[in-house]
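The next block holds one structure in the form of structure tokens; read it before the comments.
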Protein chains: 2
Amino acid sequence: MAQPQVSFLQTKLKPDSFLHRKREVVRENTLLYQLDVLKKTGRYDAFKLQWHDSYSDEPDHWPVPNHLFWDSDVGKWIEAAVYFIHDKKNETIENAIHELVDMIRSAQQDDGYLNIHFTVVAPKERFTNFRDLHELYNAGHLIEAAVAHHDLYHNDKLIEPLVKYVDLFCKTLGPGEGQKHGYPGHPEIEIALIRLYEVTKDPKHLELAQYFIDERGNLAGQDGKHFYTSEAEARGERPYERPNYYPKPKSYWYNSAHKPILEQESVEGHSVRSMYLLTAVAALNKYRPRSDYQKALQRLWNNMVDKKMYLTGGIGAIKQWEGFSIEYFLPNGTDEGGCYSETCAAIGVMMLAERMLQIDLDSKYADIMELCLYNSMLCGMSTDGKRFTYVNQLASSDEDPDKKAAWYTCACCPPNVSRTLGFVSGYLVTTSHDSDKSANINVHIPAAGTTAFDVGGKVVKLDIDSTWPWDGKVGFDLDSAGVQTTIAIRIPEWSSSNWSISPKIDEPDVRKGYLHLPSPYLRSNSQFTINFPMTPRFIAPHPFTNQNVIALARGPLVYCLEDVDNDWVTDHFKSLLLNVQPHVPTVKETQVHDKVTGEDIVAMHISSHFSFLKVDGQGAMDGVALGTCAATEMSGGKKPSFTLPQTSFLEVNGDQKKEVMTPDGKIVEGLNFVPYYFRANREGRGHMRVGIRIGTS
Amino acid sequence: MAQPQVSFLQTKLKPDSFLHRKREVVRENTLLYQLDVLKKTGRYDAFKLQWHDSYSDEPDHWPVPNHLFWDSDVGKWIEAAVYFIHDKKNETIENAIHELVDMIRSAQQDDGYLNIHFTVVAPKERFTNFRDLHELYNAGHLIEAAVAHHDLYHNDKLIEPLVKYVDLFCKTLGPGEGQKHGYPGHPEIEIALIRLYEVTKDPKHLELAQYFIDERGNLAGQDGKHFYTSEAEARGERPYERPNYYPKPKSYWYNSAHKPILEQESVEGHSVRSMYLLTAVAALNKYRPRSDYQKALQRLWNNMVDKKMYLTGGIGAIKQWEGFSIEYFLPNGTDEGGCYSETCAAIGVMMLAERMLQIDLDSKYADIMELCLYNSMLCGMSTDGKRFTYVNQLASSDEDPDKKAAWYTCACCPPNVSRTLGFVSGYLVTTSHDSDKSANINVHIPAAGTTAFDVGGKVVKLDIDSTWPWDGKVGFDLDSAGVQTTIAIRIPEWSSSNWSISPKIDEPDVRKGYLHLPSPYLRSNSQFTINFPMTPRFIAPHPFTNQNVIALARGPLVYCLEDVDNDWVTDHFKSLLLNVQPHVPTVKETQVHDKVTGEDIVAMHISSHFSFLKVDGQGAMDGVALGTCAATEMSGGKKPSFTLPQTSFLEVNGDQKKEVMTPDGKIVEGLNFVPYYFRANREGRGHMRVGIRIGTS
């Protein structure tokens, strides 16, 4: 199986389907908008190697200059743009690609070196701080751009300077005497080198990726010390001098480099770095399979999903290091102790999930891939494709209202969403064939589209007709062109007990969450339908998260409340209670055309079973942090009934609709939910929440 | 009103009363044990100014040498010891006091300087790092020792060198040109200077305390910069070099010095520093009352108690800076995100509460003072007085089992408990008299004791007979000796609705939680009884803490579960559910004599209404961090009943006793609770929990 950045060309999204519309927004708005931003901020011309005023700015996060990522911003934009040119030419965008490629070529130094900051600003500091200063990260994104560029234009214009740059890395870094035994502080180049190998077939590209992976976290890698310690000492750094994102000295877990990957028991530190690293480990498995790395991947995947992932698929609770906290520590927002859930991290989870599926076709990976795609990733861009989020909390607060922004100083997320949507169809369906005679198709996410691929000159074609993610009815139409074909279709976890196929199969072959359709069935039934009923459902985080909340979901989508649809809210829905025991409320679903954004969504409404927490007074012992409940009687007598401390339910109502009032006296008719991806798109006050506190009726 | 370190002499605890026994343990065991430790570790002889091997140790917390607190350890031991000599001479202890005093005197330099580290180890670094290096903190504890020493021996042997040392501070620090505009990184000397003033009546001692308070947090205090920044630059510190306890550069909130006290809206940073600072502000009010500081004190007190205090009275959730987190962030233990609750911080809360009562006689201060005394402070020492805790979590974990330790490298807490118990009766009752004819007695905590004080040659005497904290029946016997006397008695919050007095009063005068007994009543009833029924009660933290737990309390005592009494536990009671809705369980109380410790306690037992959370499997979508609940039906049909996600109640039982089984199959007969202060005294496995997860029956 190819990487999704290549295989997406097999699958054409259907016009007017959900993902197609999202992708068209990027084509029509985002690429041009982002190009404009690149030009305005100085990024576009930066490879001309002239001084830019912002190069003198104090860094927001010492020791990382704010402009240090500019190479990657350009690289990601080129990569994203290229994916859209395959199916439709665009002169403005292509002229920009060509101009940028020319500038990048001209920026290369004689020895192959190719980096804006270390050529213009700090030439003497080249290769002195792999831990913090992103030389390899930037190179990685330029390499990915070059590979994509090569796939489109079939020329070496961009790949040539990058191959030359990699030659310099191969000389500088490695196990040999006189070489630095280093590896990137921010993994990315490992992924890029594996993709580069797929074009060049030069084993040293694979070799360098593997070296970075194997060497990472070696506690005695350089002169008997951790490489980062050794290079810090060589820089003259003092023992207690450390980046802002290191809470303590030598917090190498921030970089997933506190010990070798094979010894790591849990995902730690910066979540994007962790995901990019593990994606590379999983991708390398295709060429150099090793069961010890496979085991490490499974262990770290499970640790992340079971103990460190939000209901939306988001990862990373802690702002300081943009990453993972201890297990089960998943507060909903800033005022509860954190919630970072960076857009790029969701993209990283998707990348990792896809590579894991190549190792092991298990729906547990595809379930999470789908969750991230439709929730924690997609929410990172506005419906018009011109505003973005970096952080994706599950609840807003006065300190961090739920808003989208036009751009970021560290602008990793916006172009990352663009490129992900560029090749998004590569995540949906993958194919393989063993010989000229037999083929297999894996349907991970049945979004509407047509997959076609060549098997010995014959074109096998699978047409999928659906309105995913809004409805679970999916029509399949296979044209096997005489090739013996099997299909494996993921049964989403949320539909595992209620899906059905027509024409029926007596004993469906479901393994690891995939329905395997054998070729005899497909020969008799080239057209078949599967229904995955999208009943609204309640989901909740693990009890050990201490969240005690419940959220609404439907199909692949997680829902949230926003002030735009619930105008009475003044406290970010913090005092709202959803009373789900002993009976859950009725949920009403409605198709809505939103006039502000033009978006068609399924909204949900709950008109009963909710109430408000009333927090009494300001007193200490009488009420707030140290509450006293109704006393028990010691023996005999009647037991007093018990209400939660400091809680008075203003109104408790069953399904018979009654008026519910907020603590400040506003009447609330019902709760209006919209998909989480849709949040912060209309002009609101920034109040939003996914998980609602559980009450009792 | 005098400080409790002086006024305690008025109140004699009754033999065999609870606090008397605790105090005798210190006299009989702790002082000698700690003296022995001082000798073994090198602290005892350190004022001889010889080199000690440990002076070369790498600091545990750069830039603070591990031995930096030794001056204060000695000072606190002297201070504690002195309080016990007042009522009973002890040759061993007094010889040690005299010898230490001689050593301290001989350690003073010609210019008055008096500090072990900066004389022996780093003489050139004197007065260069007030932020981190504890010169003023150490001096403060030596001054407090000197004042206590003076009160006992009525000589100047220890106070003389300290006054001379303070002269040096007065020269070095202050608003004048050429003076350093500095103040201590760890407040303490402010408290000490006010106490010193009470002996010397030298206004410059008060003046220096006020300077430290007023100057603190001045953002442009030294050369247009924050003093700490200015002195760090002068030391050649680099901008990104910072102590381990500073999560980010210039985290001056750690020192409560991020802005002037008058502008601070919330308690922040290191909790002991915060408490010592505010205690000094409140103590200064006696001599220099200012309404702006009073308002700041009330604001910060309320912020702390309402939003940043544990059920036990403990403060400080975060280990890295030993202090406060954001509001309502109060996890029970390490595996939930933190819980520090340092013993010294509880002592600081008691000190602050006592000073606040002098400003405003409001039971809200005394309630918290009592809570800390009997829970978060008292738990810091073992029943035999030879083992201690520094951190007092509300729940143990595998990482931090609940254990007491013999000593600490940074040994602030053990001698702090000793000195607190030395003058503990000063917290119980305070007195005042306006003239020779009228007197007032405030009873904050009615522990058994006799308070006697002189009013114009007549001795007014109040005898309190109780078994506090075990029973709420309190007998009072006043001998007013013809002085017109009033008494104000605190009505504990936990008894505010069920207390009674005999002989009865028709319209009791209760103001701010104190029952004011006028002199006519007392003339007719020199003996009277008040009953504060100690019914077991359930208490819970604020809902915004997201803890969803309930704890058991009785009178002033908070209770906990320990593995010693509940031997089936293997998970620190993490999966235990107490099912308090709609009815709370019956609580059975028993008087228990513990054979291991000799302690007599009231234990509590619950034999129903509990169950266990069963957390299914390891799968992601099917179970753990991302749970899916039973789906709702959309319309019509029957509503499915709802159980909490991932939760299966193995057995739900009412008061009819049934067998309850743990997830690993052990039968549990009931839950056995002991007072929190009593925890970690018997040889257990370190499993302990205060707040039990709320379930439903």
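Can you tell me which residue in segment A:383-413 is surrounded by the fewest Cβ atoms within 10 Å (Cβ to Cβ), limited to those that are among the small types (Gly, Ala, Ser) and out of contact with any strand residue (DSSP E or B) (no Cβ under 7 Å at 6 or more places or on another chain)?
A:ALA406
Kindly provide the set of residues from segment B:41-50 that are in a loop (DSSP other than H, G, I, E, B), within 30 Å of the chain's Cα centre (by Cα) and at negative phi, ordered by number.
B:ARG43, B:TYR44, B:ASP45
Taking the conditions exactly as written (within 22 Å of B:LYS14 (Cβ to Cβ) and in a loop (DSSP other than H, G, I, E, B)), does B:ASP477 satisfy them or not?
no
State all residues of segment A:428-447 that are among the small types (Gly, Ala, Ser), touching a strand residue (DSSP E or B) at 6+ places or on another chain (Cβ under 6 Å) and assigned to a loop (DSSP other than H, G, I, E, B); if no residue qualifies, say none. Break it down stepwise before answering.
Narrowing segment A:428-447 to residues among the small types (Gly, Ala, Ser): A:432, A:435, A:438-439, A:447.
In the following step, the residues that additionally are touching a strand residue (DSSP E or B) at 6+ places or on another chain (Cβ under 6 Å) were identified as A:432, A:438-439.
The answer is none; no residue qualifies.
Going residue by residue through segment A:515-530, is there one that turns out to be within 14 Å of chain B (Cβ to nearest Cβ) and either among the aliphatic types (A, V, I, L, M) or in a loop (DSSP other than H, G, I, E, B) (or both)?
The answer is no; no qualifying residue exists.
Quick check on A:LEU371: is it assigned to a helix (DSSP H, G or I) and among the hydrophobic types (A, V, I, L, M, F, W, C)?
Taking the combined requirement at face value, the residue satisfies it.
Going through segment A:236-250 one residue at a time, which ones are within 17 Å of B:ASP60 (Cβ to Cβ) and in contact (Cβ under 8 Å) with a residue 40 or more places away in the chain?
Hit for segment A:236-250 is A:PRO247, nothing else.
Can you tell me which of (1) in a loop (DSSP other than H, G, I, E, B); (2) crowded, with 22+ Cβ neighbours inside 10 Å is the one B:ILE550 doesn't meet?
(1)
If I filter segment B:604-619 for residues that are part of a loop (DSSP other than H, G, I, E, B), in contact with a Ser or Thr (Cβ under 6 Å, 6 or more places away or on another chain) and modelled with pLDDT of 95 or more, do I get at least one hit?
no
Which residues, counting only those in segment A:252-288, are part of a loop (DSSP other than H, G, I, E, B) and free of Cβ contacts under 8 Å to residues at least 40 places away in the same chain?
If the condition is that a residue be part of a loop (DSSP other than H, G, I, E, B) and free of Cβ contacts under 8 Å to residues at least 40 places away in the same chain, then A:GLU265 is the only one that fits.
Is it fair to say A:TYR83 is surrounded by fewer than 20 Cβ atoms within 10 Å (Cβ to Cβ) and among the hydroxyl-bearing types (Ser, Thr, Tyr)?
On the way: surrounded by fewer than 20 Cβ atoms within 10 Å (Cβ to Cβ): no; among the hydroxyl-bearing types (Ser, Thr, Tyr): yes.
Spelling it out, it is not the case that A:TYR83 is surrounded by fewer than 20 Cβ atoms within 10 Å (Cβ to Cβ) and among the hydroxyl-bearing types (Ser, Thr, Tyr).
With (1) at positive phi; (2) touching an Asp or Glu at 6+ places or on another chain (Cβ under 9 Å) as the list, and B:GLY236 as the residue in question, which single condition is left unmet?
B:GLY236 satisfies every listed condition except (2).
Which pairs do you get when a residue that is outside the structural domain of A:ILE606 (by the TED database) and among the small types (Gly, Ala, Ser), found in segment A:651-667, comes within reach of a residue that is part of a loop (DSSP other than H, G, I, E, B) and modelled with pLDDT under 80, reach meaning Cβ atoms under 6 angstrom, with the pair 6+ apart or on two chains?
Between residues of segment A:651-667 that are outside the structural domain of A:ILE606 (by the TED database) and among the small types (Gly, Ala, Ser) and residues that are part of a loop (DSSP other than H, G, I, E, B) and modelled with pLDDT under 80, there is no close pair.
From the list B:PRO543, B:PRO503, which residue is within 14 Å of another protein chain (Cβ to nearest Cβ) and of a type outside the set (S, T, N, Q)?
B:PRO543
If A:TRP321 meets every condition in (1) part of a loop (DSSP other than H, G, I, E, B); (2) out of contact with any His (no Cβ under 7 Å at 6 or more places or on another chain) apart from one, which number is that one?
(2)
Consider segment B:192-240. How many of its residues are closer than 27 Å to B:LYS76 by Cα, part of a loop (DSSP other than H, G, I, E, B) and of a type outside the set (Lys, Arg)?
Final tally of qualifying residues: 1.
Report whether or not A:TYR521 is at pLDDT 95 or above, aromatic (Phe, Trp, Tyr) and under 23 Å from A:ALA395 (Cα atoms).
No: the conditions fail for A:TYR521.
Filter segment A:207-263 down to residues that are surrounded by 18 or more Cβ atoms within 10 Å (Cβ to Cβ) and among the aliphatic types (A, V, I, L, M), then give me how many there are.
6
Yes/no per residue for (1) crowded, with 21+ Cβ neighbours inside 10 Å; (2) within 10 Å of chain A (Cβ to nearest Cβ):
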position: B:SER266; (1), (2): no, no
position: B:ALA280; (1), (2): yes, no
position: B:MET309; (1), (2): yes, yes
position: B:GLY313; (1), (2): yes, yes
position: B:ALA346; (1), (2): yes, no
position: B:GLN358; (1), (2): no, no
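Select from segment B:568-613 the residues that are basic (Lys, Arg) and within 14 Å of another protein chain (Cβ to nearest Cβ) and write down the one among them that is surrounded by the fewest Cβ atoms within 10 Å (Cβ to Cβ).
Kept after step one, since they are basic (Lys, Arg), are these residues of segment B:568-613: B:574, B:588, B:595.
So of that shortlist, the ones also within 14 Å of another protein chain (Cβ to nearest Cβ) come out as B:574, B:588.
Numbers: B:LYS574: 23, B:LYS588: 15.
Restricting to residues being basic (Lys, Arg) and within 14 Å of another protein chain (Cβ to nearest Cβ), the top hit is B:LYS588.
Looking at segment A:471-499, which of its residues are free of Cβ contacts under 8 Å to residues at least 40 places away in the same chain, more than 14 Å from every other protein chain (Cβ to nearest Cβ) and not aliphatic (A, V, I, L, M)?
A:GLY482
Just to be sure, is B:VAL443 over 30 Å from B:PRO520 (Cα atoms) and touching a residue at least 40 places away in the same chain (Cβ under 8 Å)?
The answer is no for B:VAL443.
The values are calculated or read from the model by the stated rules, or taken from the named source; none is laboratory data. As the structure is a prediction and not an experimental result, all values here were calculated from the model. A quick note on method: Cβ atoms are made from the backbone with ideal geometry, for glycine too, and the neighbour counts reach across all protein chains shown.
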